[in-house]
Amino acid sequence: MKIYLNGELVDRDKAVISVFDHGLLYGDGVFEGIRSYDSLVFRLKEHIDRLYRSAEAIELKIPMTKTDMIKAVLETLKANRMKDAYIRLVVTRGTGDLGLDPRKCGVPTIFIIADKISLYPEEFYRNGLAIITARTRRNLTTALNPKIKSLNYLNNILAKIDAIKAGTEEAIMLTYNDYVTECTGDNIFVISCGKLVTPPVDVGALEGITRDVVIGLAGKMGIGFEEKMLKVEDLYAADEVFLTGTAAEIIPISMIDKRRINGGKPGEITRRFMEEFKKITKVDGVKYEM
Ligand code: PMP
């Protein structure tokens, strides 16, 4: 496996970074998770734009143009001869000293891994996933805005631990005042009275790229769409619930806090979104040849 590291493609065991890297010491950095389907990188420009937005939000200047970053992603895929991949792109503040001071870090560390990912077993896509509401609340937007895809995922990991302790794979994260934000690694949608509804990202969620794709699909499918503040009770009462994310794609929810959604089965409209999503990944993307 070849890893892109600071401008070079190196073997996996040579892809090492300093223990003084602030990405490791403090989670000081940003990242993206991107997928390619049959040699088409899905929504690559959107992912790169979000990476640079996240970096700007933490005042991290990426020492590379967006065009070169896109080239680096494609080169990594080609070097690994991967047609279907999950790409992890990471930019850290770089190597500094043991203090927090970002000014003491030299050049940012940039690495790209092209690998595979399978978040949930196939049966959950067929039968639906049971999730819970996490005890852990989502970070305040005024503290660490969840719109920033930073290397600081401890808030999400604590909620993931809540899920695991409850015997489930995912958890819904609420704001301090009980509004639904998103799950630990996915955005959340409901279908209510035939309409697609999701919380606004300003409540404290990532501007998911799959979220945007699904909203776009709703328009094409003639399904109404609304961004609305939701409480967990609105989820219990919804006709259908599903999650979206690059790694998870679209996954139906069958149960929340042990309450059945749609009788405990994936809903019909969710299935249609899953089918339409699959179609779009086959035709839409940045092509690369090996
Ligand atoms: N929310 C969080 C917290 C995430 O980490 C992710 C990405 N895994 C998402 C939502 C979904 O975003 P996207 O569709 O861009 O992958």
Kindly write out, for region 93-103 in residue order, the coupling ³J(HN,Hα) from the Karplus curve 6.51 cos²θ - 1.76 cosθ + 1.60 (θ = phi - 60°), rounded to whole Hz, with x marking Gly and Pro. 5, x, 7, x, 10, 7, x, 6, 3, x, 5
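Between K61 and L154, what's the calculated FRET efficiency when r is the beta-carbon distance and R0 is 35 Å? Round to 0.05.
0.90
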Counting Lys and Arg as +1 and Asp and Glu as -1, each charge on the Cβ, what is the dipole of the chain about the Cα centre in debye, to the nearest 20? 280
Once the in-chain neighbours fewer than 8 apart are removed, the lysines whose Cα is under 23 Å from K2 read K14, K45, K66, K71, K78, K83, K116, K287
Work through the residues other than L100 whose Cβ is under 12 Å from its Cβ and net out their charges, Lys, Arg +1 and Asp, Glu -1. 0
Relative contact order (%) - criterion: Cα under 8 Å, at least six apart; region: region 122-281: 26
Any idea what angle helix 154-165 forms with the longest principal axis of the chain, computed on alpha-carbon atoms, 0 to 90 degrees, nearest 10? 50
Loop sites only, by DSSP: take the GluC sites (Glu not before Pro) in the chain that have at most 10 other C-beta atoms within 10 Å and name the longest stretch containing none of them. 60-288
Along each of its three principal axes, how wide is the spread of alpha-carbon positions in region 122-281, in whole angstrom units, largest first? 38, 29, 27
Extreme residue, positive dipole direction of the chain, given options V41, L60, M221 (C-beta unit charges): V41
Distribution output for the chain: share of Cα-Cα pairs per 5 Å bin in percent, first bin at 0, values 1, 5, 12, 15, 17, 16, 14, 10, 6, 3, 1, 0
Explain nothing, just the number: relative contact order of the chain, from Cα pairs under 8 Å at least 6 residues apart, as a whole percent. 20
Near L119, within a Cβ-to-Cβ distance under 10 Å, what is the net charge of the other residues, with Lys and Arg +1 and Asp and Glu -1? -4
Compute the semi-axes of the equivalent ellipsoid of region 23-77, taking the square root of 5 times each eigenvalue of the Cα gyration tensor, and list them largest first in whole Å. 22, 12, 11
Starting at the first residue of region 257-265, write each ³J(HN,Hα) from the Karplus equation 6.51 cos²θ - 1.76 cosθ + 1.60 with θ = phi - 60°, in whole Hz, x for Gly and Pro. 6, 6, 9, 6, 10, 6, x, x, 10
Be a star and scan region 135-175 for residues whose amide nitrogen sits under 14 Å from the point 7 Å along the Cα-to-Cβ vector of L100. 143-144
Using alpha carbon centers only, region 129-159 is separated from region 164-224 by a whole-angstrom value of 13
With the cut-off at 1.5 for a/c, could you classify region 58-198 from its C-alpha gyration tensor as rounded, prolate or oblate? oblate
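Laboratory data are not the source of any read-out in this text; all were calculated from the coordinates shown. Everything numeric here is computed off the predicted structure, so don't read it as measured data. Because the Cβ atoms are built from the backbone with ideal geometry, glycine has one as well, and the counts that use them run over all protein chains shown.
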